[in-house]
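K.L.:
My questions will all concern the structure given below.
The values are calculated or read from the model by the stated rules, or taken from the named source; none is laboratory data. Since the model is a prediction, treat every value here as computed from it, not as a measurement. Here the Cβ positions follow ideal geometry from the backbone for every residue, glycine too, while neighbour counts run over all protein chains shown. All accessible areas refer to the heavy atoms of the entire protein, side chains included, with ligands and DNA or RNA removed. Shrake-Rupley method; radii C 1.70, N 1.55, O 1.52, S 1.80 Å.
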Amino acid sequence: MGSVFNDAHHGDDDFDEGLDDGLDNDFADGPDEAPETDDPFVSAAWRAEQVRAMERPLLERGVPLMRMAATAAAHVAQAMLERQPDGPDVADAHVLLLAGAGDNGGDGLFAAAELADQGANVVCAATGRTLHAEGLRALLDAGGRVLALDPEADIPGAAVPDAQDGTDETDGDPLERVMDLYENADLVIDAMTGIGLKGALRGIPAQLAERIGADRIDPRSPALPVSEPAAQYPMVLAVDVPSGVGVDDGTLPGTYIPADVTVSFGALKPCALLPPAAYACGQVVLVDFGFDTSRVPVAVELVSAAETRRHIRLPRLADNKYARGVVGLITGSDAYPGAAVLSASAAARANAGMVRYLGPERAERMVLDRLPEAVFGEGRCQAWVVGSGIPDGDHADVDSPQREAIRRLLEPYAVGEANWPEPESLLNIGLDDLPESFEDLMAMLAPTYEGGQESLPPVVVDAGALDLLPERVPPQVVITPHAGELARLLRSRGQAVDADDVERDPLGCALEAWRLTGATVLLKGAITVVVGSDGPDKPRVVVNGNAPAWLSTAGSGDVLAGSLGALLAQAAADEDRSLTLKMADLAAAGAFIHGLAGQLASGSGQAARPPVVVYDEDRDRLAEAMAPTSEKLRDATPFAPIGKPILAGDVIAQLPNVYALFASMNLSEWN
Ligand SMILES: NC(=O)C1=CN([C@@H]2O[C@H](COP(=O)(O)OP(=O)(O)OC[C@H]3O[C@@H](n4cnc5c(N)ncnc54)[C@H](OP(=O)(O)O)[C@@H]3O)[C@@H](O)[C@H]2O)[C@@H](O)CC1
Ligand SMILES: Nc1ncnc2c1ncn2[C@@H]1O[C@H](COP(=O)(O)OP(=O)(O)O)[C@@H](O)[C@H]1O
Ligand SMILES: [K+]
């Protein structure tokens, strides 16, 4: 998304100014360059076994994949050294290679041999009992040295540490020796394990990862603009994947070595996209081997600008406000009236034709004050947003009229004959007890029942409404929990998980929630994970990683809920109303829009998941592609590229600018 920044207006207009400033900035002329186009290659990931299946036909044809991988890794290593302002030339660089016994180690050996050929001082620490034989020979021939860490190792040409022999340079604890080398290295190449990793690291690789990893993980360090040169030496280049990360599920099952750059071969693996492993990958450089991916189902997808654009509905010649999509909101409460303003304003500024609000009088007044366009009367909605800013059952009067209204709104979504209310009975349930506006609500819903559950409008179930979700619902129900809320939802369905468990395995927990509820699950975080339905019992996993850390600010989730509601209303307003199989992509597109608004508001080049760089054989072009975002941004923004603090209202004010960016993309591609 670098190109977005080149054109972005990073004005500091606050929310109120944003209400009437319209497009008084350089968006009015449209960006010179549209956001990135679709490239499934950089936005899709496949599991280890799928990658092996894709590489097989090439290996059978004799394509030298390992040599290609190694050369790419060596070029990336050079680019890393060269981009350090005071870094050494390759010829003067000290390189420590950590190599395992498998092909990942083989890649590392050939890559290190290329660096040694150029004069680099290379020491390979062998973590297994053997090394890839040809790779070893190549490194030794190029002048590299090899240190075997395992006393049982059988590696010709390697020095074997011997605690008894005080005269050998390799004496003492071999791990200490590696740590000495580590501390004096300019670059570490991590080739201990690749896609062949089974479970958590054990043995010598685990011990090394514990020492080196602990040295490098500091959650207190600030979130920097993407691809910023490493703050600490040595830099780490991971070969294919950082050793120790859960390749297929994105977990961190044990010790691991976080990388500054990961050079990924053939195709992305899920760990490059999924939290928390993706945070350990740093900048990902993807090497294209020309795999035929067409017949291999994608395991995890990263939502792109181009994909998001497809879900946006531009105003049409014959439109009226209803045709453009009406969003209904049951949000905000006496305890949190601000959430009503934020969610309703976000919906209104995100290309909806109209916003209907239902809530307590005080919140209603506040919505009117800030959003005179909102309506409160009877009528139909193409999408609903419920629960933001409403206390859940543990913290609220369970019989509050709002919770009651949400419960009834959600009732028809309950999957299963027994739960499916007759339209008649639904219109007659205890309406006398409800305020008039809720009677209106029932009337609004009535027409939608005629087409059955399929035709019920999409609904975003957020925050305090999550505990009102029926046991099972159809996919057009999107739940938007953060880790703590997802843990609570899973506990209510008999799973013993807490928020930490969800943060440790976001994909696993989101999948579980999808399996148990049928809802499309949008799990919020620095990287947002969406699981929806891709056919019967078939999940579709889409992630978004464009959000800057500045976006973690109070009310940010309310903004997401409102703007996602507007996106769903646009989609539902189209004639083609079968959204079932599109819901995961729609929800992820909503997160993308939210993240991009956060980027524009904060003027930040930081993102949880930096854009993937496609490897280029041309060394200058590769270096340019890998250049820090701060360099690319320096002339494009009046702010330091790290950005500035923002409020939820600032994000809302940028939503129209996000839509302007999308609207200026190639119009012929609009459907
Ligand atoms: N994609 C592509 O197109 C191409 C892929 N290529 C490359 O091949 C790589 C895959 O190579 P691979 O199959 O040899 O497995 P790999 O990752 O080296 O792991 C095996 C080693 O790890 C060890 N080990 C395992 N689990 C462990 C644990 N828990 N804790 C500790 N150790 C553990 C295991 O030890 P063992 O279990 O045998 O004791 C063995 O030594 C791939 O990632 C890519 O780099 C390119 O060369 C060509 C193109
Ligand atoms: N570190 C982070 N980096 C980027 N985005 C984040 C980060 N942490 C949270 N977010 C995003 O900020 C929003 C927070 O939502 P939520 O937790 O519901 O906050 P609130 O309840 O205050 O509105 C979500 O969209 C989430 O994806
Ligand atoms: K590795």
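K.L.:
Strictly over 31 Å apart at the Cα level, which of 269/582; 198/644; 269/524; 321/582; 582/644 would you flag in this model? Let's see the in-between values first.
P.N.:
Numbers: 269/582 23 Å; 198/644 42 Å; 269/524 21 Å; 321/582 24 Å; 582/644 35 Å.
Listed pairs above 31 Å: 198/644; 582/644.
K.L.:
What is the percent carbon and sulfur in the accessible area of the range 42-302, measuring with a 1.4 Å probe over the protein chains and ignoring ligands? Show your work: numbers first, answer last.
P.N.:
Values: 4880 of 10270 Å².
Here it works out to 48 percent.
K.L.:
Another question, if that's okay. Taking 8 Å as the Cα distance limit and 6 or more residues as the minimum spacing, I'd like the relative contact order of the range 234-273 as a percentage.
P.N.:
For the range 234-273, the relative contact order is 48 percent.
K.L.:
Starting from the Cα of residue 173, step 7 Å along the direction of its Cβ; do the same at residue 552; then give the gap between the two resulting points in nm.
P.N.:
Computed distance between label sites residue 173 and residue 552 equals 3.3 nm.
K.L.:
Further, regarding this structure: Please list, in order along the range 243-252, the HN-Hα scalar couplings obtained from phi with the Karplus expression 6.51 cos²θ - 1.76 cosθ + 1.60 (θ = phi - 60°), rounded to whole Hz, x for Gly and Pro.
P.N.:
Taking θ as phi minus 60°, the curve returns 5, x, 7, x, 4, 8, 10, x, 8, 10 Hz for the range 243-252.
K.L.:
Can you bin the range 320-414 into rounded, prolate or oblate? Criterion: square roots of the alpha carbon gyration tensor eigenvalues sorted a ≥ b ≥ c, rounded for a/c under 1.5, prolate for a/b above b/c, oblate for the rest. Please report the intermediate quantities before stating the final value.
P.N.:
Working: a/c = 2.16, a/b = 1.33, b/c = 1.62.
Note, shape of the range 320-414 comes out oblate.
K.L.:
Could you look at the range 449-538 and say what percent of its accessible area is carbon and sulfur, using a 1.4 Å probe and all protein chains? Walk me through the numbers before you get to the answer.
P.N.:
Details: 1560 of 3220 Å².
Reported share for carbon and sulfur atoms: 48 percent.
K.L.:
Per residue, how big is the convex hull of the range 42-302 when only Cα atoms are used? Give it in Å³.
P.N.:
Numbers: hull volume 32.0 nm³, N = 261.
About 122 Å³ per residue, rounded to a whole number.
K.L.:
With a 1.4 Å probe and all protein chains kept in place, how much accessible area does residue 256 have, in Å² rounded to the nearest 10?
P.N.:
40
K.L.:
How much accessible surface does residue 75 have with a 1.4 Å probe, in Å² rounded to 10?
P.N.:
40
K.L.:
Work out, step by step, the length gained on full extension between residue 118 and residue 322: first 0.36 nm times the residue separation, then minus their alpha carbon distance; give nm to one decimal.
P.N.:
Details: separation 204, 0.36 × 204 = 73.44 nm, distance 6.70 nm.
Answer, rounded to one decimal: 66.7 nm.
K.L.:
Given R₀ = 41 Å, FRET efficiency for residue 334-residue 581 by Cβ-Cβ distance, to 0.05?
P.N.:
Details: r = 39 Å, r/R0 = 0.96.
Calculated value: 0.55.
K.L.:
Take residue 471 and residue 289, extend 7 Å from each Cα along the Cα→Cβ direction, and tell me the distance between the two endpoints in nm.
P.N.:
4.7
K.L.:
Given a cut-off of under 8 Å on Cα pairs at least six residues apart, what relative contact order in percent is computed for the range 42-302?
P.N.:
Details: 575 pairs, mean separation 55.5, N = 261.
It comes to 21 percent, rounded to a whole number.
K.L.:
So how do 59, 109, 201 rank on accessible area, 1.4 Å probe, biggest first, that is with the largest at the start? Kindly include the intermediate steps, with their values, before the conclusion.
P.N.:
Working: 59 85, 109 0, 201 20 Å².
Largest accessible area first, the list is 59, 201, 109.
K.L.:
Which FRET efficiency value, to the nearest 0.05, is calculated for residue 620 and residue 41 with the Förster distance at 30 angstrom and r the Cβ-Cβ distance?
P.N.:
Details: r = 22 Å, r/R0 = 0.73.
The computed FRET efficiency comes out at 0.85.
K.L.:
Residues of the range 42-302: accessible area per residue at 1.4 Å, in Å²?
P.N.:
Working: 10270 Å² over 261 residues.
Accessible area per residue, the range 42-302: 39 Å².
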